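Notes to accompany the following structure.
The values are calculated or read from the model by the stated rules, or taken from the named source; none is laboratory data. Given the structure is predicted, the values throughout are model-derived calculations rather than measurements. With ideal geometry, Cβ positions are generated from the backbone for all residues, glycine too; neighbour counts draw on all protein chains shown. Just the protein is used for accessible areas: all its heavy atoms, side chains included, with ligands, DNA and RNA removed. Shrake-Rupley method; radii C 1.70, N 1.55, O 1.52, S 1.80 Å.
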Amino acid sequence: MIDDETATEKQAMADECPTLAYKAGMAGWDGPLTAGTLIPRAETLTGLSDWGGSKWEEDRFRHDFALLCDGIEDSGAVSAIGRHRSYARLMTLLVSRLRYLDARKSTPNVDEQRILAPLIGTGMPRAGTTFLHGVIAQDPDMRVARAFEAVIPVPLRGDGGDQRAEIYEALIAYQGMTDPKMRAIHPFGADLPEECLFMQEGACTGFFGGFWHVPAFMDAVADKTAAAYQWQIGVMQYLQADGEARRWALKTPAHIMAWNDMRLAFPDALIYVNHRDPARVVPSMASLMAALRGLFSDQPTDLAAIGREQLAIWAQAMKDYAAWRRSASANIQVVDINFTDLVADPLAVVTQLYDRFGLHLTDIARDRMERHLAIDSHGKGPQRQYSLQEFGMDDTDIEAAFGDYIEQFGITRERGPRA
């Protein structure tokens, strides 16, 4: 009996240790944000030290993580609360990477898991990709990565079952992402279907440029998209090893910026591309970036600089996609979706999408989608007001950067207040 009790106590401690590691990241931090400090601390908190070796490009990870930390200190202009939030985000990355790599080693046949023809959404940001992904996620034949499992792939056992959703909800609240003003810009929640970028987080990618102004780090990881997809596929294999080998529904606008690497990673993917009036997209994306940076820094934001940055990024991405679309063969599995059509009749768009890809939209899936649409609040709250001018742009800039794109895809120009 004593031996049994001792074994039970040890198991309870082993189950609790990872949860405490995540909670420790939200305990506040006034010290330096350096790789030399944070990496050993993550090892101590988890009792793990395998960062992946050559298979998972450990040396590159260490190098890039050090650059990220240096960038946060050098150019991130983090506030006092921003330092606490930065520490929490970075420690979550480190703890999750260590735990995932450790769990993967004991998962049978994980490398043999095949990711079959995922349905992938991309295109313009702020063009309904999150909304459409949320609708498709209602199909029980589709699998999505919930936010908590994208960032914390390995379960956290506790008295009440898996604690990941609770921990991740606490993390995003700690970072200010559950503030009503933030949720009015973009929905954040532990149980929501999440973007692929969060499954790539453990590889230490350009995803983090959304939180901090770290130009040197962003330059250094500009060539890292192939490695990011390798990491994402590994995470998907691990998650899928639970026996639920359904078709994945994936999405992030960032796929359009890594178009070739994305299609190499998922060669049989069924892809849809969302389009929207760039005069709406660019300032909306600039406002999101400014809000995210504001969670970590209290320094004045150069709105015009963010506007120019977003204009250049998305103009180039859509220009490259438009050129590829003109040259691609007719049987390529890609569907273009106009935002105004999606807003007018989302179920009609879903039906057309399924028909185009030869997918079966069951009565159960349709019913769940209808019920989701009836209660979904995404995009139905008070409209945010902003203008191109506050981000240093006007319609002339939009026409110069996107005129050909607008014409090629028949983009509907939206009038009235920018929202």
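Cβ-Cβ distance of Thr340 and Thr362, R₀ of 22 Å, FRET efficiency by 1/(1 + (r/R0)^6): the value works out to about 0.20. Of the listed residues Ile332, Ile364, the order by accessible area with a 1.4 Å probe, largest first, is Ile364, Ile332. Stokes-Einstein at 4 °C, 1.567 mPa s, Kirkwood radius from Cα pairs: D for segment 281-364 in µm² s⁻¹? D = 80 µm²/s. In segment 114-262, the portion of solvent-accessible area held by carbon and sulfur atoms comes to 52 percent [1.4 Å probe, whole percent, DNA, RNA and ligands not counted].
Residues in the chain average 44 Å² of solvent-accessible surface per residue, probe 1.4 Å, ligands and nucleic acids excluded. Annotation: extensible slack from Ser79 through Glu58 equals 4.5 nm (criterion: 0.36 nm per residue apart, minus Cα-Cα distance). Given Val273, Leu192, Leu171, which one lies farthest toward the positive end of the charge dipole of segment 155-293, if we put +1 on the Cβ of every Lys and Arg and -1 on the Cβ of every Asp and Glu? Comparing the listed Cα positions along the dipole, Val273 ranks first.
Once the other residues with Cβ under 13 Å from the Cβ of Arg371 are scored (Lys, Arg +1; Asp, Glu -1), what is the net sum? It works out to a net charge of -3. All alpha carbon pair distances within segment 134-236 were sorted into 10 Å bins beginning at 0; the resulting P(r) in whole percents reads 14, 38, 38, 10, 1. A simple charge model with +1 on the Cβ of Lys and Arg, -1 on the Cβ of Asp and Glu and nothing else charged puts the dipole of the chain at about 660 debye relative to its Cα centre.
Amide hydrogen proximity for Val335: with H placed 1.01 Å from N in the peptide plane, the residues at 5 or more positions away or on another chain lying under 5 Å are Ile271, Tyr272, Val273.
Calculated mean residue ellipticity, 222 nm, the chain: -17500 deg cm²/dmol, from DSSP H runs (n ≥ 4) at -39500 (n - 2.57) each, averaged per residue and rounded to 500. Other residues lying with their Cβ under 11 Å from the Cβ of Pro32 contribute a combined charge of -2, Lys and Arg counting +1, Asp and Glu -1. On a 0 to 90° scale, report how tilted helix 2-25 is relative to the longest principal axis of the chain, with both axes built from alpha carbons and the result rounded to the nearest 10. Once rounded, one gets 40 degrees.
Number of Lys-Lys pairs in the chain with C-alpha atoms under 19 Å apart and a separation of 8 or more places or on different chains: 4. Rounded to the nearest 5, the antiparallel percentage of DSSP beta bridges internal to the chain is 25%.
Taking Rg and Dmax of the Cα atoms in Å straight from the coordinates, which label in [x] 21.7, 79; [y] 22.4, 70; [z] 20.0, 58 is the correct one? Given [x] 21.7, 79; [y] 22.4, 70; [z] 20.0, 58, the structure-derived one carries the label [x]. Once the Cα atoms are used to define both axes, helix 58-75 deviates from the longest principal axis of the chain by about 70 degrees.
Tally up the carbon and sulfur contribution to the accessible surface of segment 42-82 as a whole percent, 1.4 Å probe, everything protein left in place. Within segment 42-82, the accessible surface is 51 percent carbon and sulfur.
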